[in-house]
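Reading through the structure tokens given below for one structure.
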Amino acid sequence: MIELIHAVKKFGDLVAVNDLSLTVRQGEFFAVLGPNAAGKTTTIKLIAGLIKPTSGTVRVAGFDVQTQPLEVRQRMACVPDFPYLYDKLTPWEFFRFIGQLFGMSETDIQTAGRALVERFNLGPYVNKPLEGLSHGTRQRVAIVSALVHAPEVFVIDEPMVGLDPQHGRIVKDVLKERSRAGMTVFLSTHQLSVAEEMADRIGIIHQGRLVAVGTREELRHQSGAAGPLEQTFLALTAEEKNTSKEVARSAEPAEA
């Protein structure tokens, strides 16, 4: 459902995504981890069609993100790390707006929207302007608006930002339920515990490259580190940092 084929994204001299190839299957819950500035958000923007790859191909549900954008958008929802909402609207008006963009009937919007509002405990806020809501409540509104049209592919960047433990649990449960029902989930997070608990497979991105991918056990085997995912993550990224330092030193001019 998601394919990146030798994807590269450069910003001037900076290579944010470096020859990234990855396939995520239908119904798979895939989490991507990486240090700050590793290329996670850039990868999500490539999948969502928000930026063009410098080279390579990105496909969603079999459609090329750049040449078939409407087909991709009909099947996908994306929640960025800082979602944009129309502050003068209420959550319910925003849900209806999104549903109408995807061609949903009023009956379907009402049915799906009300079920999600109840599940995400948004009842007290649905008729209040978005501009007055807390960050965590706005995050829940963004997630509900992305789910209301039942996307085939759901891409989300740092979903737990601003959420308390109760609502974080709800988000985890809903995404896992949808994944088991066939929705493909691509999640970027800094929280290793979220990836360890939720993901079927995990990818680790460092310095724009996919340095490891697999199940939790497969990653442990690749890293040679026993124990929790944190140790695996640190072992894999530390190895990459050491390699980068060696390359940098080899490029330095020799002393006279």
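The values are calculated or read from the model by the stated rules, or taken from the named source; none is laboratory data. The structure presented is a predicted model; accordingly, all values stated were derived computationally and were not measured. Quick reminder, even Gly has a Cβ in these numbers, built from the backbone with ideal geometry, and neighbours come from all protein chains shown.
The residue list Leu89, Leu85, Leu116 contains one member that is at pLDDT 95 or above and in a loop (DSSP other than H, G, I, E, B), which is Leu89.
Tallying residues that are in a loop (DSSP other than H, G, I, E, B) and under 25 Å from Leu187 (Cα atoms) within segment 92-113 yields 1. Selection of segment 66-82 for residues being in a helix (DSSP H, G or I) and among the acidic types (Asp, Glu) yields only Glu71. Are there any pairs, at least 6 apart or on different chains, whose C-beta atoms fall under 6 Å, with the first in segment 144-165 and hydroxyl-bearing (Ser, Thr, Tyr) and the second modelled with pLDDT of 90 or more, and if so, which? Filtered contacts from segment 144-165: Ser145/Phe94; Ser145/Phe95; Ser145/Ile98.
Say we look at segment 187-199 and pick out the residues that are in a loop (DSSP other than H, G, I, E, B) and not polar (S, T, N, Q); which of these is surrounded by the most Cβ atoms within 10 Å (Cβ to Cβ)? Per the criteria, the residue is Ala199. Taking first residues from segment 200-222 that are buried (at least 17 other Cβ atoms within 10 Å of the Cβ) and partners that are outside any strand (DSSP E or B) and of a type in the set (Ser, Thr, Tyr), the Cβ contacts under 6 Å between residues at least 6 apart in sequence or on separate chains come to Arg201/Thr215; His206/Thr237; Leu219/Thr232; Arg220/Thr232. Among the residues making up segment 158-172, those that are in a helix (DSSP H, G or I) and under 16 Å from the mean Cα position of the chain (by Cα) are Gly168, Val171, Lys172.
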